[in-house]
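Let me begin by presenting the structure, written as structure tokens, before commenting on it.
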């Protein structure tokens, strides 16, 4: 990627939008929400990482992945494995037939820690694994698919199949993975209790910070030459290929970035919610994440974040108020948004709200200018 | 009654002279003050930890899936809990307070269960939660209940290996469902060879592990053990294996929708449960599941449970009648539904014994709580938070009910960590 200057990457608009988002996440929400609701927002934000990756892959690159849950899950599981090992010290698991191993292994008659769990005693290894394992996996999928020019619907179906396969694998190997229950009852991170309120605040801020970092990265990518190439590829892949670019490499790259974002989200999810289960890896959650992105607007990196927040907030509110009817309300929301605003909330904003604001701004300016020129005329 | 506060204040401060009406005013002031204080004190003494308890009401939570794949199973539990709460309220409530419930939907999704349980405990400050169904949902909420010190009444028969101070398990743990059932087929039906079969998750696996150990202890043989993913619908290959190995008993712990395919395919392959060659013994099919399987497909199979809708005792007749009055005549009542019905009653008894809604006091009061009015008969809470209960064997009938063929004489002691079976 060629060097891009700060001014060229971030227009004044972008700085305003990032500022508003940061103010919302760092100041407004923590001020007005109690810790329970804030923790929920923190959970929603972990999905926003995935939605952000999808904007890059799908909105910009035209690669629709229906298997982002795989990367979210891998990241989450890597974090959960570390936390679970820390929670399974011989002292607190002395009731088991084999103390010192995670409880679900003991329930499945496993008597020693499997080799691939061993390295997860180390936090640096776990942190590296959170990023590297999903990215490497995405790279392998990417090479296998894009080098053979598999794309579009076929790619979407294959990613969906991978999500399904991984779920079956996790559920089937319950002695090693915790099965349907997942890895539960995570307590501390290097002795620091992640279940206390103060820990929740810290994890929330960490999550927001990481999200903003990813957002800036995403912005850098979209504004760079690479971003323009992605859009060109999306709209006319053959022309880009004829112009001498290796299309597959760009696709692999952006798919890997999406996977890494999702993995960070997964790890933050595990930390904030306190467990990880295969219900985040499968087809349904993966499609749900695409919906977050679609509602927010798949061409807008800000839209993805607001979309995720809005959909999840709606989900929580509807299901609290109408425990038996909320799914219909959610269905109506999705149908409504995709029918009426195919570009999502971001499209709604850019076609109605933004022109209105700009108009008012111009009017204000021209009035001022008039005043100034009138004063000048008087002078 | 409105009290003229200004006048009272002036009487106190300025030492204004009292006439008759003033004296009455002061008296009424003291009286109302005394009422207020005593009410506050009564409330404080039954509720020292800030739960959602007022003088007239106590709030509890109901947390089951009413949407998603588990809704079909969990609906019965929700109905049973609402019925129990209604009956308790009609009798005057708990410690003179009516029970108000807040219902949340776990949506068949384990993290949602965790989120909603946290909401019930932290936001709504409920005095107890009746809920969860699958082990996965219980495992998801367990850390929440332990962290915020809530009380969960969990209705499902389950794999054991757990004993939380924050849960009362009103269903059977594995040994209560398995041991007596196997003893019965061995003694009464002369079974020698068993084929173990189940859905692939912790409950069937742990249950089959206990069953296998027990069978081997009796000196008998397990000729096959297999697991299929939840929702699996192709059982032809295992049916062929069963035919090949000729077990005396198919011990089936198939769960949910897979049951429909399993029993239909068994019958289509010529294994008729009525012939008892091999005999089918299940611990996962209640009356609720038979609705989906169809009575004609499973007629003749045996189930080991603690409750059947057809139990002939008076408690149960009253319970079934009340249930049908509230929820309609077509409804069937399975084992878990009855266990869910016990939850609010056991909680009420514990609260009244403790004289307080405080979680710690309710926990301390719980062991030893008895319920003579339980539809399954008499139950009692063990110090390990599980219930003493009988094991019963029922034979499936064409109309979707079970007829009782055997029950243990004594209550079975709950043993969530069975020695020699792990």
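All of the numbers you see were taken from the coordinates with simple rules; none came from a lab. All values reported here derive from a predicted model rather than from experimental measurement. For neighbour counting, all protein chains shown are included, and Cβ atoms are generated from backbone atoms with ideal geometry for every residue, glycine included.
Which log10 I(q)/I(0) values, to two decimals, does segment A:1-153 give at q = 0.16, 0.17, 0.19 Å⁻¹ under the Debye formula with one point per Cα?
-1.13, -1.17, -1.22
Tell me, A:233, A:268, A:339 in order of fewest to most beta-carbon neighbours within 10 Å?
A:339, A:233, A:268
In Å, what Kirkwood hydrodynamic radius results for segment A:6-302 from the alpha-carbon pair distances?
20.0 Å
Could you give the Stokes-Einstein D for segment B:102-209 in µm² per second, using the C-alpha Kirkwood radius, 20 °C, 1.002 mPa s?
D = 139 µm²/s.
So how far apart, in nm, are the two label points at residue A:14 and residue B:124 if each is 7 Å from Cα heading toward Cβ?
About 4.6 nm, to one decimal.
When all alpha-carbon pairs of segment B:162-302 are counted, what percent fall beyond 18 Å?
I get 54 percent for the Cα pairs in segment B:162-302 exceeding 18 Å.
On average, how many beta carbons from a partner chain sit within 10 Å of the beta carbon of a residue in B:118-130?
Mean partner shielding for this stretch: 2.
What whole-number volume per residue, in cubic angstrom, does the convex hull of the C-alpha atoms of segment A:115-192 give?
Cα-based convex hull of segment A:115-192, divided per residue, equals 126 Å³.
Step by step: find N for segment B:247-317, compute 2.2 N^0.38 Å, then divide the Cα radius of gyration by it. What's the final number?
Output field value: 1.13.
If you find the alpha carbon centre of segment B:244-323 and of segment A:68-131, how far apart are they in angstrom?
If we compute the Cα centre of each part, the gap is 38 Å.
Would you kindly compute the Cα radius of gyration of chain B and its largest Cα-Cα separation (Dmax), both in Å?
Taking only Cα atoms of chain B, I get Rg and Dmax of 26.1, 105 Å.
If I take every Cα pair under 8 Å that is 6 or more residues apart in segment B:72-175, average their sequence separation and divide by the length, what percent do I get for the relative contact order?
19 percent
Only bridges whose two residues both fall in chain B count here: according to DSSP, what percent of them are antiparallel, nearest 5?
30 percent
For segment A:178-300, report the convex hull volume of the alpha-carbon atoms normalised per residue, in Å³, without decimals.
Convex hull of Cα atoms, per residue: 142 Å³.
Got a sec? Which residues in segment A:290-321 would a label at residue A:28 touch, if it sits 7 Å along Cα→Cβ and we count backbone N under 13 Å?
Output list for this probe position: A:306, A:310.
So how tilted is helix A:123-146 from the main axis of chain A? Cα-based, degrees 0 to 90, rounded to 10.
70 degrees
If you build the convex hull over the alpha carbons only and average its shadow over all orientations, what do you get for segment B:274-379? Give it in nm² to one decimal.
Computing the convex hull of the Cα atoms and averaging its projections yields 8.5 nm².
Suppose only helical runs count, i.e. DSSP H with n ≥ 4. What mean residue ellipticity at 222 nm does that imply for chain B under -39500 (n - 2.57) per run, divided by all residues and rounded to the nearest 500 deg cm²/dmol?
-14000 deg cm²/dmol
Round to the nearest 10 and give me the degree value, 0 to 90, for the angle of helix B:202-217's Cα axis relative to the longest principal axis of chain B.
60 degrees
Please compute, for peptide A:312-320, the average count of beta-carbon atoms on other protein chains lying within 10 Å of each residue's beta-carbon.
Shielding by partners across A:312-320 averages 3.
Between residue A:143 and residue A:122, what is the FRET efficiency for a Förster distance of 41 Å, r being their Cβ-Cβ separation, to the nearest 0.05?
So the FRET efficiency works out to roughly 0.90.
Based on the Cβ-Cβ distance from residue A:332 to residue A:287, what FRET efficiency comes out when R0 is 25 Å, to the nearest 0.05?
Taking R0 as 25 Å, the efficiency between residue A:332 and residue A:287 is 0.90.
Among A:211, A:325, what is the fewest-to-most ranking by other Cβ atoms within 10 Å?
Ascending number of Cβ neighbours within 10 Å: A:325, A:211.
Radius of gyration and Dmax for the protein assembly as shown's Cα atoms, expressed in Å?
31.0, 116
With n ≥ 4 as the cut-off for DSSP H runs, can you work out [θ] at 222 nm for chain A, using -39500 (n - 2.57) per run divided by the number of residues, rounded to the nearest 500?
-23000 deg cm²/dmol
Simple spin-label model, 7 Å along Cα-to-Cβ: residue B:378 to residue A:243 in nm?
About 8.6 nm, to one decimal.
Please report the relative contact order for chain A, taking Cα pairs under 8 Å with a sequence separation of at least 6, and give it as a percent rounded to a whole number.
30 percent
Let me confirm one metric for peptide B:105-111, namely the mean number of other chain beta-carbon atoms within 10 Å of its residues' beta-carbons.
Mean partner shielding for this stretch: 6.
Hey, what's the Cα Rg ratio for segment B:318-422 versus the globular rule of thumb, 2.2 N^0.38 Å?
Against the empirical 2.2 N^0.38 Å value, I get 1.26 for segment B:318-422.
Taking just the alpha-carbon atoms of segment A:270-379, what radius of gyration and Dmax come out, in angstrom?
So, for segment A:270-379, Rg and Dmax equal 21.6, 75 Å respectively.
Hey, with R₀ at 41 Å, roughly what FRET efficiency would residue B:90 and residue A:321 work out to, going by the Cβ-Cβ distance, to 0.05?
Efficiency at R0 = 41 Å is approximately 0.90.
In degrees, nearest 10, range 0 to 90: what is the angle between the Cα axis of helix A:301-321 and the longest Cα principal axis of chain A?
So the helix axis and the longest Cα principal axis differ by about 60 degrees.
Starting from the Cα of residue B:291, step 7 Å along the direction of its Cβ; do the same at residue B:313; then give the gap between the two resulting points in nm.
Using points 7 Å along Cα→Cβ, the separation is 2.5 nm.
Exposure proxy check: A:13, B:232, B:385 ranked by fewest other beta carbons within 10 Å?
Fewest-to-most Cβ neighbours within 10 Å comes out as A:13, B:232, B:385.
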